[in-house]
Amino acid sequence: MTLSCGRDVLAIPGPTTLPDEVLNASHRQPVDLYDGPLLQVTDSCLDDLRKVFRTAGRTYIYAANGHGAWEAAVTNVLSRGDKVLVLESGRFALGWGEMARMLGVDLEVLPGDWRRAVSPAALEARLRANDAGAIKAVLVVQVDTASGVVNDIPALRQAMDAAGHGALLMVDTIASLATMPFEMDAWGVDVAVSGSQKGLMTPPGLGFVAAGDKAVAVHQGANLRSSYWDWTGREGDEHYQKYCGTPPEQLLFALRKALDLLLAEGLEAVFERHRLLAGAVKRAVEVWAQGGALEMNILDPRERSDSVTTIRLAADYDPAALRAYCYDKCDVVLGSAIGALSGKGFRIAHMGHVGAPAVLATLGSVEIALQALKIPHGRGGLQSAIDWLAEQVPA
């Protein structure tokens, strides 16, 4: 017997569900890449990305995923032999650093805990010990989708300033942009990267980089620059130069519509929607955890992200069976745990084009699965989520 019928509910941390308007916007024939409406689409997308990153700096669009945006950022501001300090809080800052090392950069990791955010005090202490100024950049994620943590970017910037250190602050916002506040200029971020397939509600395939004045100045002397990623080349007069060749037209049409939807809703309203939905998930998990078989991965509630929640399952129980039940019986697709948490839990994403119906359907399906698979859990997790939303969104 299955309860499956209708559309799947996609609760993975990217790619996320797309608005129909975004899908429809991409369903059109190509246009001239040298003249006409595509030029306006590019200019308006670059301008509106500045609004989303909250920067007066430069923005760049790449036909690439988030890993491509990582490489674009690294190659435009670093040289062979430069040292970067990677702040560990999960899988993805480490992945960014590993990419930099393959390009010829010297990598140092500030060890972290997959259950906690990066410690600003630990960062300050490490930078104070860097007397020769060898560290040229600090790499960190705002949200790590493996651990579910959110890092305090302003506090990390303050730690760098307190240490009197001149390294670039480079932030991965792939799992956070357009889901929670990010203030590139106000927080002193020099380079930010993101991707299209999460909070920006656009199909996978576009990577974004935003660069502040300090990063642009450093760029002039970087010797890792390459033709495809190069910012200088993308500042050329011809439209095709902004993409180092043929633009990803259909993805740009989709991005344009997604930005329209986000800005029409209002970024503050978007952030509040994500906060409320994340709160519903967290309350459900806290109730389930009372049974002793599952728990939140991130220990401090203040360090749990508003875009994805990572849940640990006791060793006696199989997260793959739980995920399979939710999909086979309820058409709900949960995220698998990855990296150091692989096989140890599951993830519930609540980012992008998502509202209460999808989140409550996900929580209800998990609760059915917990009961059907006889996994000990506190009863009433779904009701706790409903109570939270009703409280926060009164009539």
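Observations, loosely collected:
- With helices as the sole contributors, the chain gives -12500 deg cm²/dmol at 222 nm; each DSSP H run of n ≥ 4 counts as -39500 (n - 2.57), and the sum is divided by every residue.
- Against the chain, whose longest principal axis is taken from its Cα atoms, helix 381-392 shows a tilt of about 60°.
- Reach of residue 257 by Cα under 16 Å, taken over lysines that are not fewer than 8 positions away in the same chain: 51, 198
- Gain upon complete extension [residue 342, residue 155; 0.36 nm per residue less C-alpha separation]: 64.3 nm
- Accessible area per residue, Å², the chain with all protein chains present, probe 1.4 Å: 40 Å²
- C-alpha long axis of helix 319-330 to longest principal axis of the chain, angle in °: 70 degrees
- Counted over the chain, the DSSP beta bridges are approximately 55% antiparallel.
- Summing Cβ point charges (Lys, Arg +1; Asp, Glu -1) relative to the Cα centre of region 98-250 gives a dipole of roughly 280 debye.
- Charges were assigned to the Cβ only: +1 to each Lys and Arg, -1 to each Asp and Glu. The resulting dipole of region 1-53 about its Cα centre is roughly 240 debye.
- Sites residue 108 and residue 300, calculated FRET efficiency, Cβ-Cβ separation with R0 22 Å, nearest 0.05: 0.30
- Rounded to 0.05, the FRET efficiency of the residue 286 and residue 264 pair, given R0 = 22 Å and the Cβ-Cβ distance, is 0.05.
- Within the straight-line cut-off of under 16 Å between alpha carbons, the lysines reachable from residue 329 are 374, sequence neighbours fewer than 8 places apart in one chain being disregarded.
- Length added when fully stretched, residue 391-residue 44, from 0.36 nm per residue minus Cα-Cα: 121.1 nm
- Whether the chain is rounded, prolate or oblate, judged on the alpha carbon gyration tensor where a/c under 1.5 counts as rounded: oblate
- When the solvent-accessible area of the chain is split by element, carbon and sulfur atoms take up 53 percent of it, the probe being 1.4 Å.
- Unit charges on C-beta of K, R, D, E only; dipole of region 1-118, Debye: 340 debye
- Set of region 1-41 residues, backbone N closer than 17 Å to the point 7 Å along the Cα-Cβ line of residue 329: 1-5, 9
- The stretch between residue 35 and residue 320 holds 97.5 nm of extra length on full extension. This uses 0.36 nm per residue minus the Cα-Cα distance.
- Distance between the 7 Å Cα→Cβ label points at residue 80 and residue 24: 5.3 nm.
- Protein-only accessible surface at a 1.4 angstrom probe places the residues 330, 45 in the order 330, 45, largest first.
- Cross-link partners of residue 83 among lysines (Cα-Cα below 24 Å; sequence separation of 8 or more within a chain): 136, 214
- Calculated FRET value between residue 235 and residue 183, using beta carbons and R₀ = 22 Å, to 0.05: 0.35
- In the chain, a dipole from Cβ-located charges (positive for Lys and Arg, negative for Asp and Glu) runs towards its positive end, and of 253, 192, 321 it is 321 whose Cα lies farthest in that direction.
- Shown in residue order for region 91-102 are the 3J(HN,Hα) couplings computed by the Karplus curve 6.51 cos²θ - 1.76 cosθ + 1.60 at θ = phi - 60°: 8, 8, 5, 4, x, 5, x, 5, 4, 4, 5, 5 Hz (x for Gly and Pro).
The values are calculated or read from the model by the stated rules, or taken from the named source; none is laboratory data. On a predicted model such as this, the values are computed, not experimentally measured, just so you know. Don't worry about glycine lacking a Cβ; one is built from the backbone with ideal geometry, like all the others, and counts go over all protein chains shown. Only protein heavy atoms, including side chains, enter the accessible area calculation; ligands, DNA and RNA are left aside. Shrake-Rupley method; radii C 1.70, N 1.55, O 1.52, S 1.80 Å.
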